[in-house]
Amino acid sequence: MDKYLIVLFIAVWGDCAFAQKEDHNWLLGGSISSVDSSYYKACRLDFEGEELDIHFIHKNLPFIRTNAVLSDSAGELLCYSNGENLYNRNFEVMENGDNFYPNSDYVQGFPAIQGFMLLPLPGSAKKVVHIYGDIKTLILPDENNLGYIRLKYAIADLGQNNGLGKVIQRDDIAGIDTLIVGQLTATRHGNGRDWWVMAPHFRDEKFYRFLLTPNGLAKYGEQHIGAHDYGLGQTVFSPDGQWYARYVWHGIGPDSSFFSFDLYHFDRCSGLFSDRVCKTYDLSGLGGKPGGVAFSPSSRFLYVSRWDSIYQYDLQAPNIIDSEVPVAGYDGFIADYGRPTRFYSLQLAPDEKIYCCVSNYNSRYLHTIENPNEPGLACNVQQHSVHLPVFNNFLLPNMPFYRLWGWEGSPCDTLGSVSVKEVHGGATGFSVYPNPTSDAVNIVLEQAAITGCRIELFSMTSQLIGCLNMPEGTLTTTLPLNSYPNGYYFLRVIGPGQRISSQKITIMR
C-alpha cells in the first residue's frame with residue numbers, strides 16, 4: 001500500500017491545517033504579441049481556496065511553450081522558468097539565472113512543451129533544481145529537427161537574497177545522449193524522497209531514466225521497450241505513480257496522418273516500465289493533430305485529448321483500449337479574433353479537476369474536466385469554462401504530482417517517513433473495514449488509552465474533505481462515505497499528543 005505523507009502536517013485540535021502545495025500556483029500568459037494591452041500580460045491561477053482564484057499580473061511573462069512553476073509546501077510562489085531564464089517570486093530574473101541558452105534567440109522563452117522542469121532538491125528545504133537540456137539541430141535522412149544532446153541541471157538556493165534566490169551551480173551534466181526536446185516528467189521514487197525523471201530518446205524506442213537525489217541529477221539507466229519513436233507530445237505519471245502515459249503527435253515528422261499514445265506500468269523502485277498498451281489513431285486526410293494526456297486523481301481513468309475530441313480510458317477494465325469512451329467533441333465555439341477553442345495539453349490541478357488549454361492560438365479560455373474520477377460522460381467536460389484576463393499562449397505548467405510519498409512495504413521503502421514532521425508520543429493505530437467499501441467504513445482504534453481522537457478524510461490530492469471527532473472513551477465509530485465518488489482516499493487519526501497514523505481506503509460501487 002502506498003503511503004501518502006506530508007512534508008509538513010500541523011494538527012490543531014478542533015481545526016485542521018494541511019500543507020503540500022508546491023503546485024498551487026500556475027502562471028499563464030506569454031503571448032508573443034508586442035501590443036501594449038492588458039490582454040497581453042499574465043495571470044496567476046491560485047488553487048489555495050475552495051474556488052479557483054485568478055489574479056491579473058501587470059507584467060509580460062515571456063512564455064512561448066516552456067512553463068515550469070514551483071511553490072513552497074505552504075503554497076507561496078517560489079520561482080518559475082520559461083527555459084531561457086529562471087525567475088524569482090517577484091517576476092525578476094534570479095541572480096545567475098539568466099541565459100541558459102546564451103547563443104540562441106529565445107528572447108521569449110524556449111519553444112517546447114515540457115521542455116524544462118523545476119523540482120525541490122531532496123533533503124533540502126531551500127534548494128531548487130532546474131532541469132534543462134543542450135539543444136542541437138539533428139540532421140536526419142528525411143527531416144531536420146531539434147533534439148537534446150545532453151540533459152543538464154542547475155541548482156538555485158532560495159535562502160539567498162532575502163528569499164529571492166541565487167543560482168549557485170549550473171550546466172552540470174546528468175547524461176549525454178540524444179533526447180526528444182520536451183516530454184520531461186517526474187514522479188517520486190518509492191523511497192519517498194528522491195525523484196525519477198524520465199526522458200524519451202529522440203529516434204529509438206527507448207527511455208532514459210534519471211534519478212534526482214540530494215547529490216543532484218544523474219543518469220540511472222536506459223530501457224529499450226516498445227515506444228513510438230518520435231513526435232511532439234506530452235507525458236505524465238499517474239498520481240499513485242503506477243502508470244506512465246505518453247501522447248505523440250507525428251505532425252512534425254514525414255508522416256503526419258496519425259497520432260498515438262502509449263501506456264505503461266511503472267515500478268517506482270527500479271524506474272522500469274512494463275506491460276505496454278498503445279493505440280494509434282489513423283487520421284488520413286485530416287493530418288495528425290496536437291493533444292495531451294492526464295490521469296484522474298484516483299489514477300483509475302486516463303484522458304487523451306486530440307484537437308477536436310477528448311477520450312477516457314478505464315485502467316481497471318480487462319481491455320483498456322476497448323474501454324475507450326469519447327467524453328467531449330469540440331463544440332464549435334469561436335473566441336477572440338475568430339479563433340476556435342480546440343483541445344491541447346491537459347494538467348491535473350490541486351482542485352482535482354483536469355484543465356485543458358486551447359490548441360495553436362493565443363486564447364483567453366481553458367476547458368475543464370469537472371469530475372475526472374467519474375466514468376464516461378459523468379466526468380463532465382466543460383468547454384471554454386475558464387475565462388482568463390489575458391491571452392494564454394497555449395501552454396500549461398509542467399509539474400509532477402507532489403502528494404505521493406514512500407511505497408510502503410516495497411524493496412525500496414528504506415528511508416522511513418523521511419518527509420514527515422510528526423508529533424511524538426504513543427503511536428495511534430487503527431483498523432478500517434470493509435475496505436474496499438461502497439457507503440461507509442467502520443473505524444476501530446487499537447489502543448484503549450487513546451481518547452478524544454479526530455478522524456480526517458483526505459482526497460488523493462490531499463484536500464481535506466471530511467472530519468469526525470470521536471468522544472473520549474470511544475474506540476469505534478462509523479464514517480459515512482455515500483456522498484463521495486468512487487476512488488482512493490486517505491483516513492488519518494490524530495490524538496492529542498499522539499502520533500499521526502493513516503490508512504488508504506477505496507470506495508467502489
Excluding H384 itself, calculate the net charge of residues whose Cβ lies under 10 Å from the Cβ of H384, where each Lys or Arg counts +1 and each Asp or Glu counts -1. 0
Pairs from K41/K353; K152/K219; K166/K219 whose Cα-Cα separation, in the structure shown, is over 20 Å: K41/K353; K166/K219
So which GluC sites (Glu not before Pro) in segment 63-93 end up in coil per DSSP with only 12 or fewer other C-beta atoms within 10 Å? E92
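What's the magnitude of the charge dipole for segment 21-392 around its Cα centre, counting Lys and Arg as +1 and Asp and Glu as -1 at the beta-carbon? Answer in Debye, nearest 20.
Values: 30 positive and 43 negative charges, 110 e Å.
The dipole of segment 21-392 has a size of about 520 debye.
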How large is ³J(HN,Hα), in whole Hz, for each residue of segment 116-127 in order, when computed from phi with the Karplus curve 6.51 cos²θ - 1.76 cosθ + 1.60 and θ = phi - 60°, using x for Gly and Pro? 9, 9, 10, 9, x, 5, x, x, 10, 8, 10, 10
Would you please give the FRET efficiency between D172 and Y39, computed as 1/(1 + (r/R0)^6) with r the Cβ-Cβ distance and R0 = 51 Å, to the nearest 0.05? 0.80
Zone of Y101's modelled label, taken as backbone nitrogen in segment 205-228 under 13 Å from a point 7 Å along Cα→Cβ: none
Evaluate the distance, in nm, between pseudo-label points positioned 7 Å from the Cα of S274 and of E48 along their respective Cα→Cβ axes. 4.4 nm
For V181, V327, what ranking results if the residue with the fewest other Cβ atoms within 10 Å of its Cβ goes first? V327, V181
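What order, most packed first, do the peptides 403-411, 168-176, 48-56 have when packing is the mean number of other Cβ atoms within 10 Å of each residue?
Working: 403-411: 19.6, 168-176: 14.9, 48-56: 12.3.
So the peptides 403-411, 168-176, 48-56, ranked by packing, come out 403-411, 168-176, 48-56.
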If amide H atoms are modeled at 1.01 Å from N in the peptide plane, then the residues at a separation of 5 or more from E370, or on another chain, having amide H under 5 Å from its own are V381, Q382
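Rounded if a/c is under 1.5, else prolate if a/b is larger than b/c, else oblate: which is segment 21-392, with a ≥ b ≥ c the root eigenvalues of its Cα gyration tensor?
Working: a/c = 1.32, a/b = 1.11, b/c = 1.19.
The shape class here is rounded.
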Length added when fully stretched, N442-Y330, from 0.36 nm per residue minus Cα-Cα: 35.8 nm
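Bear in mind these aren't lab numbers, they're just calculated from the coordinates by the rules spelled out. Computed from a predicted structure; not experimentally measured. Glycine gets a Cβ as well: all are built from the backbone with ideal geometry, and neighbour counts include every protein chain shown.
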